[in-house]
Amino acid sequence: MAKILVTGGTGYIGSHTAVELHNAGYEVVIVDNLSNSNIKILTQLHAITGKWFDFHEIDLQDDKAVQEFAEKNTDIDGIIHFAASKAVGESVEQPLKYYRNNFYGLINLLTSFNRKINFVFSSSCTVYGQPESLPVTEAAPVQKAESPYGNTKQIAEEILAETAAVTPDLNVIALRYFNPVGAHETALIGELPNGVPANLVPFITQSAIGKRGPITVYGNDYDTPDGSAIRDYIHVVDLAKAHVAAIKLLETGNPNGNYDVFNIGTGKGSSVLEIIAAFEKVNNEKLDYKIGPRRAGDIVQIYGDVQKSNKQLGWKASLDINEMMRSAWEWEKYIKANPF
Ligand SMILES: NC(=O)c1ccc[n+]([C@@H]2O[C@H](COP(=O)([O-])OP(=O)(O)OC[C@H]3O[C@@H](n4cnc5c(N)ncnc54)[C@H](O)[C@@H]3O)[C@@H](O)[C@H]2O)c1
């Protein structure tokens with residue numbers, strides 16, 4: 001049973017990935033400093049899997065602690081590196097927090113695990129900006145980042161590519177996620193946004209439950225079929241399974257070499273108004289929303305070409321928008337009834 005270190009494993013995507021790794025027969029070790037997650041997630045993971053995951057509260061910015069962890073855990077075969085700061089708006093206010101956390105964590109891991117290791121990195125479709133043609137493929141040019149957060153993802157990809165080029169023992173896959181939404185089917189884990197959600201789906205569920213006021217649709221005059229912005233929403237459980245597929249490809253040897261990049265989305269765009277309609281229909285809930293002006297920095301539309309991940313990772317998203325909206329709503333209701 002291969003052992004996989006999941007950094008940021010008590011966070012939103014990390015916790016779902018821990019479950020899918022366990023389901024696939026892997027042994028999971030979690031490192032998290034709990035800066036954006038709750039220790040109670042370990043209890044939730046136990047309720048889902050029947051397993052208490054090996055957990056270490058470590059700040060990846062602490063080079064000595066990471067070194068010590070790596071020396072004590074020589075049996076780790078792979079790392080899935082989620083731990084990072086991820087709020088775009090906050091990154092504009094506090095760029096150094098983002099450069100420090102997102103780079104030191106990555107560099108400390110690569111330095112301390114300087115041996116044969118499989119490494120999966122959380123990147124983002126933000127690297128594409130507004131692509132010239134859609135669906136966007138992995139070959140599309142990376143565009144100047146709109147925020148320090150986006151810049152950390154672009155530079156982290158470069159750090160990994162340059163390090164892999166001179167480190168044959170380091171096998172890297174960077175996954176460029178589109179828009180992760182939804183929650184586990186048990187409703188025991190899901191997204192726990194800090195403060196007012198900047199993303200559409202957590203705002204919808206918080207508005208529906210009465211925690212927030214009306215939803216604002218930022219622009220209905222874009223050049224799209226219904227005028228609202230389009231994104232490629234991906235169910236977090238499908239996304240979690242993509243990480244298992246990436247680890248498996250690294251284990252068998254990636255014919256493309258020791259650094260590779262994959263889009264992880266459904267390949268289909270959905271508009272803000274379509275998401276609102278799907279939520280209302282599947283949950284039989286009426287949403288309170290209004291049309292507002294376009295939001296600075298928002299791109300018009302993006303969705304991914306996922307042929308490469310379908311073929312080479314042998315992975316395909318299977319959960320649709322309805323399941324995304326249903327599970328997101330079940331989780332919001334669960335967390336209201338059982339606050340952490
Ligand atoms: N959620 C999205 O929309 C999205 C989209 C694209 C990429 N990503 C990337 O995916 C990854 C996971 O995102 P998420 O939505 O699960 O975020 P999250 O905030 O829920 O999870 C990140 C986890 O990392 C931990 N962490 C942060 N800094 C740390 C440090 N220095 N040491 C140890 N632990 C630390 C946090 O406590 C948290 O539990 C991030 O790298 C994020 O940038 C997320």
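The values are calculated or read from the model by the stated rules, or taken from the named source; none is laboratory data. These numbers were taken from a predicted model, which means no experiment stands behind them. All Cβ positions, glycine included, derive from the backbone under ideal geometry; neighbour counts span all protein chains shown. Surface accessibility is based on the protein's heavy atoms, side chains included, excluding ligands, DNA and RNA. Shrake-Rupley method; radii C 1.70, N 1.55, O 1.52, S 1.80 Å.
Here are the numbers:
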{"item": "Strands (runs of 3 or more DSSP E) fully within the range 196-304 counting 2 or more residues that are more than 17 Å from the chain's Cα centre (by Cα)", "result": "215-218, 259-264, 289-292"}
{"item": "Members of the range 1-11 that are surrounded by fewer than 24 Cβ atoms within 10 Å (Cβ to Cβ) and within 10 Å of the ligand (Cβ to nearest atom)", "result": "none"}
{"item": "Residue match in the range 133-147 (condition: open to solvent by less than 70 Å² (accessible area, probe 1.4 Å), within 14 Å of the ligand (Cβ to nearest atom) and outside any helix (DSSP H, G or I))", "result": "yes"}
{"item": "Strands (runs of 3 or more DSSP E) lying entirely in the range 23-105 (those with 3 or more residues that are crowded, with 16+ Cβ neighbours inside 10 Å)", "result": "27-32, 78-81"}
{"item": "Only listed residue being within 14 Å of the ligand (Cβ to nearest atom), crowded, with 21+ Cβ neighbours inside 10 Å and either within 16 Å of the chain's Cα centre (by Cα) or within 17 Å of Leu160 (Cα to Cα) (or both), chosen from Phe119, Phe113", "result": "Phe119"}
{"item": "Considering residues of the range 12-60 that are of a type in the set (Asp, Glu) and farther than 22 Å from Asn108 by Cβ only, the residue nearest to the ligand (Cβ to nearest atom)", "result": "Glu20"}
{"item": "Criterion violated by Glu157 - all others in (1) of a type in the set (Asp, Glu); (2) open to solvent by 20 Å² or more (accessible area, probe 1.4 Å); (3) within 15 Å of the ligand (Cβ to nearest atom) satisfied", "result": "(2)"}
{"item": "Cβ-Cβ under 6 Å pairs, at least 6 apart or on other chains, the range 72-85 side farther than 16 Å from Asp32 by Cα, far side more than 10 Å from the ligand (Cβ to nearest atom) and of a type in the set (Gly, Ala, Ser)", "result": "Asp77/Ala2"}
{"item": "Candidates Thr186, Thr163, Thr167 - the one that is away from the ligand (no atom under 16 Å from the Cβ) and either surrounded by 20 or more Cβ atoms within 10 Å (Cβ to Cβ) or part of a helix (DSSP H, G or I) (or both)", "result": "Thr163"}
{"item": "Tally of residues being within 13 Å of the ligand (Cβ to nearest atom) and acidic (Asp, Glu) across the range 61-87", "result": "2"}
{"item": "Pro202 vs. criteria modelled with pLDDT of 95 or more and open to solvent by less than 20 Å² (accessible area, probe 1.4 Å)", "result": "yes"}
{"item": "Cβ pairs under 8 Å, 6+ apart, first in the range 313-326 and among the β-branched types (Val, Ile, Thr), second in a helix (DSSP H, G or I)", "result": "Ile321/Glu274; Ile321/Ile275; Ile321/Ala278"}
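Residue-wise test of (1) among the hydrophobic types (A, V, I, L, M, F, W, C); (2) open to solvent by less than 70 Å² (accessible area, probe 1.4 Å); (3) modelled with pLDDT under 95; (4) within 17 Å of Asn199 (Cβ to Cβ).
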position: Thr252; (1), (2), (3), (4): no, no, no, no
position: Asn258; (1), (2), (3), (4): no, yes, no, no
position: Pro293; (1), (2), (3), (4): no, no, no, no
position: Lys316; (1), (2), (3), (4): no, no, no, no
position: Asp320; (1), (2), (3), (4): no, no, no, no
position: Ser327; (1), (2), (3), (4): no, yes, no, yes
position: Glu330; (1), (2), (3), (4): no, yes, no, no
position: Tyr334; (1), (2), (3), (4): no, yes, no, no
